[in-house]
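Student: Right, I'll just put the structure down here and ask away after.
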Amino acid sequence: MSTRNLKSLFRPQSIAVIGASTKPKSIGSVVMRNLLKGEFAGPVMPVTSEHASVGGVLAYPDVACLPMAPDLALICTAPSTVPGIIHTLGERGTKAACVMTGGLHLEQNAEGATLLEQSLAAARQYGMRLLGPNSMGILVPGIGLNASSSHESVLPGKLAFVSQSGALCTAVLDWARAREIGFSHFIHLGDTEGVDFGDVLDYLGSDPGTRAILLYMESIHERRNFMSAARAAARNKPVLAVKAGRSREGARAAASHTGALAGSDLVFDAAMRRAGMLRVQDIEEIFGAVETLARSKPMKGRRLAILTNGGGIGVIAADDLAEMGGELAVLPDEVIDKLKAVLPPGWSQGNPVDISADADGERYVKTLNILSESKAVDAVLVMHAPSAVSDPTDVAGAIIKTAKDRPRANVMTCWVGNEAVARGRHLFSGAGIPTYDTPRAAIQAFMHLLQYRKNQELLMEVPASAPTDFVPDTKRARFLIDEALAKGGGTLNEPEAKAVLEAYGIPTVETHVARSPALAGKIAMAMKEPVALKILSPDILHKSDVGGVMLNLQGAFEVEKAAHAMLERVKAVYPEARIDGFTVQSMARRPGAQELICGVATDPVFGPVVMFGQGGIAVEVIADRAMALPPLNMNLAAELISRTRVSRLLEGYRGRPPANKEAIQLALVQLSQLVVDFPEIVELDINPLFADSQGVLALDARMVVAPARAGTDRLAIRPYPKELEEIFTMTDGRKTLLRPIRPEDEPNHHILVSKLTPEDIRFRFFGLVHELPHSEMARLTQIDYDREMAFIGEIDKPEGGKETLGVVRTVTDPDNDAAEFAIVVRSDLKGSGLGKRLLVKMIEYCRSRGTRIIVGQVLKDNQRMLAFVQHLGFLPTRTIDGDIVEVELELQKEHELGPDPTA
């Protein structure tokens, strides 16, 4: 779960092939042939006792006889030999091995440990990284490395491909070579028992030779490691994934293939969105999508104009756009008037803009200029079909020229046909303009851009670990959950579950428990209004299915009679069910309210997830639902709602007013907060949740709890750590809030930088920086708390609002070995004690996480800073480029503080 020693795996200086062979078609023979054919520059050492040489290279009888410890060992021997070989390699000092042998989980020793468990234990003992088992190997064409059993080599390129399927690897190699697609890395993870997706994403995310990362996934082992690595990589470059197991049958096949749970496909989709990745459905689509992302400008909106010389292909594109959920731009009257002035009378008078089959380059350019200048259009798809009176190559040249003259215009092209348009497509590719063969491929690419932009926005959302929009009664919720756990855990009944929801501010209908029909009648009489009567049983999930719900009952007699009849029906349908009585609740008079379902489930891979969709008794049949990973904020809750069909009904229709979406969003945030605060919650359902213009109301609820360890480790994404907030008093008496940074701090961060003196800017940024761009400032304020930390000092301004006075930040390597720090405090606050407290707070935080060292770089002439960090225990370790001093603090040692130079 780190990048430690991955350089030995992916950029080795020497390689040993254990089990090298001269036997044709054996793995040991194929691997040796590929290594030698690939012109790897380092030594390749075959290990076999059966041959004096393999492929003309001197062989060694065993690992112990090798003249040097190889950086990378490729193990192609029988399963029973693998644990011993790894142990011997570890003793020799080898840091990485690719286990190509399969079936290690099938054989056990006398103590019951499988060969796989023995191999992993041996690797852990020596800090060795294992790829596999059952791995096809690694190809890194940039260094001539083909350490694989592949039938094909790969062309060098800027794409990295990482797969759990060996068969898919060979198919992609064949497919890509025919299309002249090259790779920076081609990696088969095999059974992912050692190196997994998170490790490889961390490595490739910072690899300068990799432009984009493509994944084929079947299962994930470490959710937090995967999500942190994916989010970090997706901030640097596009990450695209094909996930197998979309259907139940596929998920079972994926699980049997990898030996791991595949988890819910809806949940995986939610994780991809939150990680800023783009999910596609097949291999051809993944390569098309990566080219689109590489060549297209970022989309600012979703309104597409279609410019075509043929009505048919334009209509097909418009149909595809509607089917995929896109938006056809509505052209304003002034745009229509401008088009009328330059187009012949027979043009389409709308969008798609059909400019006739005889359109030449000049007509295309005039039309494109009008469309791209319009504020009602976010992107233009330019289409062309072969015509006897129009040259597709000339038109392509004209489009390329105008696209270069208008660098802000977002232009995509689709030259439909084959031989007649091939030259035009080639020109577009050479000019870096996205081009597609069919209308569907072009529209799919446009939708990829929209989804990628949306996912990148989700990536930047960092919800708090404690609520800001409401104040929950956590003590009340804790009492109810602990009471249920004291009974042995299990299901909270409907009134108990509703009480927990009320403690978190979710409105519920008045509900009472009656242990007998007679008591139900008395409760109904006291309520003096129509009531709903429901059976109360821990064994009955769907009450309506067993006749366990009666509505609009009035008075004691009617309720008691209905209760007796309900008992008889339930006992007849479900005789073994335990009956605890009934619930009597007010009838919710909300005509026109939409029935929703909200809930929490625990995914075997990603942990707790929040679910939203259309509710009611037909919820499973309607199957309109979407998932999101907690924690949520209002923006993320709105995005979750938008992914359901029922969201359109919530907008209002046929005289029904729109539902109060903010109330629905808040309910989802409250549910999310509940699962963050209480790890004991395994499942939670609110069905139905009424939603209308007045707000929301929970009519029925169910909650399942089980003992759990405190903390947020079960969450796939670490929330904002509110517990790290503290109040600090500066030397001038002003109280300052010290807290972790949040995305909404970006505006105040700009102000902080603007108030630094030129000298402080040079000391902090090692150069003159007048203003940081939004992209860089967003990166500084939108952080992954699992990998980074930044504490700011903040005060309330007298005129209202907040002001940032200083910030200290660290970025920790994936191994949690070293954290690099940087600190800056407003220039007029030196001597206030704020800088010292911020840095000490960061030292304490890193020490509590088990980080080994903190390092930093200080300009040599920044003597004040050098003296400041040295009094805290930092020591100079080296000088870089003559004017930068690197300082280091060992965190797990006690240090005596020297005199404070800032005092």
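Student: Would you call residue 592 modelled with pLDDT of 90 or more and not hydrophobic (A, V, I, L, M, F, W, C)?
Tutor: no
Student: Now a separate question. Just to verify a result, which residue in the range 368-386, among those that are under 14 Å from residue 310 (Cα atoms) and touching a Ser or Thr at 6+ places or on another chain (Cβ under 9 Å), is surrounded by the fewest Cβ atoms within 10 Å (Cβ to Cβ)?
Tutor: 385
Student: Further, regarding this structure: Would you pick out the residues in the range 297-316 that are open to solvent by 20 Å² or more (accessible area, probe 1.4 Å) and either in a helix (DSSP H, G or I) or not basic (Lys, Arg) (or both)?
Tutor: Of everything in the range 297-316, those that are open to solvent by 20 Å² or more (accessible area, probe 1.4 Å) and either in a helix (DSSP H, G or I) or not basic (Lys, Arg) (or both) turn out to be 298, 311, 312, 313, 315, 316.
Student: Counting only residues that are among the polar types (S, T, N, Q) and not assigned by the TED database to the domain that holds residue 201, give me the strands (runs of 3 or more DSSP E) lying completely in the range 795-903 with at least 3 of them.
Tutor: Working: elements: 802-812, 818-825, 853-859, 875-880, 884-890.
The strands (runs of 3 or more DSSP E) meeting that bar are 802-812.
Okay, residues lined up against (1) within 23 Å of residue 288 (Cβ to Cβ); (2) open to solvent by less than 40 Å² (accessible area, probe 1.4 Å):
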{"site": "366", "(1), (2)": "no, no"}
{"site": "390", "(1), (2)": "no, yes"}
{"site": "398", "(1), (2)": "no, yes"}
{"site": "413", "(1), (2)": "yes, yes"}
{"site": "445", "(1), (2)": "yes, yes"}
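Student: Given the options 446, 428, name the one that is under 28 Å from the mean Cα position of the chain (by Cα) and more than 30 Å from residue 581 (Cβ to Cβ).
Tutor: 446
Student: Among the candidates 80, 49, single out the residue that is assigned to a helix (DSSP H, G or I), out of contact with any strand residue (DSSP E or B) (no Cβ under 7 Å at 6 or more places or on another chain), at pLDDT below 95 and open to solvent by 30 Å² or more (accessible area, probe 1.4 Å). Show your work before the answer.
Tutor: Working: 49 fails: assigned to a helix (DSSP H, G or I).
None of the others qualify; the one that does is 80.
Student: Just a yes or no: is a residue in the range 203-221 open to solvent by 20 Å² or more (accessible area, probe 1.4 Å), farther than 25 Å from residue 788 by Cα and among the basic types (Lys, Arg)?
Tutor: no
Student: Return a yes/no flag: does the range 730-738 have any residue that is assigned by the TED database to the domain that holds residue 833 and without any contact (Cβ under 8 Å) to a residue 60 or more places away in the chain.
Tutor: Looking through the range 730-738, at least one residue is assigned by the TED database to the domain that holds residue 833 and without any contact (Cβ under 8 Å) to a residue 60 or more places away in the chain.
Student: Then there is this: Could you check the range 433-443 and list, in sequence order, the residues that are free of Cβ contacts under 8 Å to residues at least 40 places away in the same chain and surrounded by fewer than 23 Cβ atoms within 10 Å (Cβ to Cβ)?
Tutor: Answer for the range 433-443, where residues must be free of Cβ contacts under 8 Å to residues at least 40 places away in the same chain and surrounded by fewer than 23 Cβ atoms within 10 Å (Cβ to Cβ): 437, 438.
Student: Identify the single condition in (1) over 25 Å from residue 451 (Cα atoms); (2) open to solvent by less than 20 Å² (accessible area, probe 1.4 Å) that residue 658 does not satisfy, given that it satisfies every other one.
Tutor: Among (1) over 25 Å from residue 451 (Cα atoms); (2) open to solvent by less than 20 Å² (accessible area, probe 1.4 Å), residue 658 violates only (2).
Student: All but one of (1) under 34 Å from the mean Cα position of the chain (by Cα); (2) over 18 Å from residue 147 (Cβ atoms) hold for residue 72; state the number of the condition that does not hold.
Tutor: Among (1) under 34 Å from the mean Cα position of the chain (by Cα); (2) over 18 Å from residue 147 (Cβ atoms), residue 72 violates only (2).
Student: Counting only residues that are assigned to a strand (DSSP E or B) and among the small types (Gly, Ala, Ser), which one in the range 149-160 is most open to solvent (accessible area, probe 1.4 Å)? Even if it seems obvious, please write down each step before you answer.
Tutor: So in the range 149-160, the residues assigned to a strand (DSSP E or B) come out as 155-160.
Next, from what is left, pick out any that are among the small types (Gly, Ala, Ser): 157, 160.
Numbers: 157: 30, 160: 0 Å².
Ranking the qualifying residues of the range 149-160, first place goes to 157.
Student: Within the range 92-101, is there a residue that is of a type outside the set (Phe, Trp, Tyr), open to solvent by less than 40 Å² (accessible area, probe 1.4 Å), at pLDDT 95 or above and more than 37 Å from the chain's Cα centre (by Cα)?
Tutor: Looking for residues that are of a type outside the set (Phe, Trp, Tyr), open to solvent by less than 40 Å² (accessible area, probe 1.4 Å), at pLDDT 95 or above and more than 37 Å from the chain's Cα centre (by Cα), one finds none in the range 92-101, hence no.
Student: Out of 602, 583, I need the residue that is touching a residue at least 60 places away in the same chain (Cβ under 8 Å), in contact with a His (Cβ under 8 Å, 6 or more places away or on another chain) and closer than 28 Å to residue 500 by Cβ. Which one?
Tutor: None of the others qualify; the one that does is 583.
Student: Of the numbered conditions (1) under 20 Å from residue 145 (Cα atoms); (2) of a type in the set (Gly, Ala, Ser); (3) in a helix (DSSP H, G or I), residue 198 satisfies every one except a single condition; which is it?
Tutor: (1)
Student: Then there is this: Which one of 275, 289, 305 is assigned by the TED database to the domain that holds residue 171, more than 20 Å from residue 643 (Cα to Cα) and of a type outside the set (D, E, K, R)? Spell out how you get there, then give the answer.
Tutor: On the way: 275 fails: more than 20 Å from residue 643 (Cα to Cα); 305 fails: assigned by the TED database to the domain that holds residue 171.
Being assigned by the TED database to the domain that holds residue 171, more than 20 Å from residue 643 (Cα to Cα) and of a type outside the set (D, E, K, R) holds for just one of 275, 289, 305, which is 289.
Student: Now a separate question. In the range 641-673, what count of residues is obtained for those that are within 21 Å of residue 698 (Cβ to Cβ), within 19 Å of the chain's Cα centre (by Cα) and without any contact (Cβ under 8 Å) to a residue 60 or more places away in the chain?
Tutor: Here the count works out to 1.
Student: Moving on to the next point. Can you list the strands (runs of 3 or more DSSP E) lying wholly within the range 477-595 that have 2 or more residues being open to solvent by less than 40 Å² (accessible area, probe 1.4 Å) and of a type in the set (A, V, I, L, M)?
Tutor: Where strands (runs of 3 or more DSSP E) fall fully within the range 477-595 and carry at least 2 residues being open to solvent by less than 40 Å² (accessible area, probe 1.4 Å) and of a type in the set (A, V, I, L, M), they are 531-536.
Student: Are any residues in the range 317-341 open to solvent by 90 Å² or more (accessible area, probe 1.4 Å) and in contact (Cβ under 8 Å) with a residue 24 or more places away in the chain, and if so, which ones?
Tutor: 330, 338
Student: Across the range 717-751, what is the total count of residues that are out of contact with any Ser or Thr (no Cβ under 9 Å at 6 or more places or on another chain) and open to solvent by less than 20 Å² (accessible area, probe 1.4 Å)?
Tutor: Here the count works out to 3.
Student: Residues 146, 134: which one is outside any loop (DSSP other than H, G, I, E, B), over 18 Å from residue 286 (Cβ atoms) and touching a Gly at 6+ places or on another chain (Cβ under 8 Å)?
Tutor: Of 146, 134, the one residue that is outside any loop (DSSP other than H, G, I, E, B), over 18 Å from residue 286 (Cβ atoms) and touching a Gly at 6+ places or on another chain (Cβ under 8 Å) is 146.
Student: Residue 226 versus (1) among the aromatic types (Phe, Trp, Tyr); (2) open to solvent by 10 Å² or more (accessible area, probe 1.4 Å); (3) out of contact with any Ser or Thr (no Cβ under 9 Å at 6 or more places or on another chain): which is the lone unmet condition?
Tutor: Result: residue 226 fails condition (2) only.
Student: Within the range 848-866, track down each residue that is among the small types (Gly, Ala, Ser) and under 14 Å from residue 823 (Cβ atoms).
Tutor: Of everything in the range 848-866, just one residue is among the small types (Gly, Ala, Ser) and under 14 Å from residue 823 (Cβ atoms), namely 856.
Student: How many of the residues in the range 604-641 are modelled with pLDDT under 90, buried (at least 20 other Cβ atoms within 10 Å of the Cβ) and on the phi > 0 side of the Ramachandran plot?
Tutor: Within the range 604-641, residues that are modelled with pLDDT under 90, buried (at least 20 other Cβ atoms within 10 Å of the Cβ) and on the phi > 0 side of the Ramachandran plot number 0.
The values are calculated or read from the model by the stated rules, or taken from the named source; none is laboratory data. Source: prediction; values computed, not measured. Because the Cβ atoms are built from the backbone with ideal geometry, glycine has one as well, and the counts that use them run over all protein chains shown. Quick note on the areas: whole protein, heavy atoms, side chains included, nothing else; ligands and nucleic acids left out. Shrake-Rupley method; radii C 1.70, N 1.55, O 1.52, S 1.80 Å.
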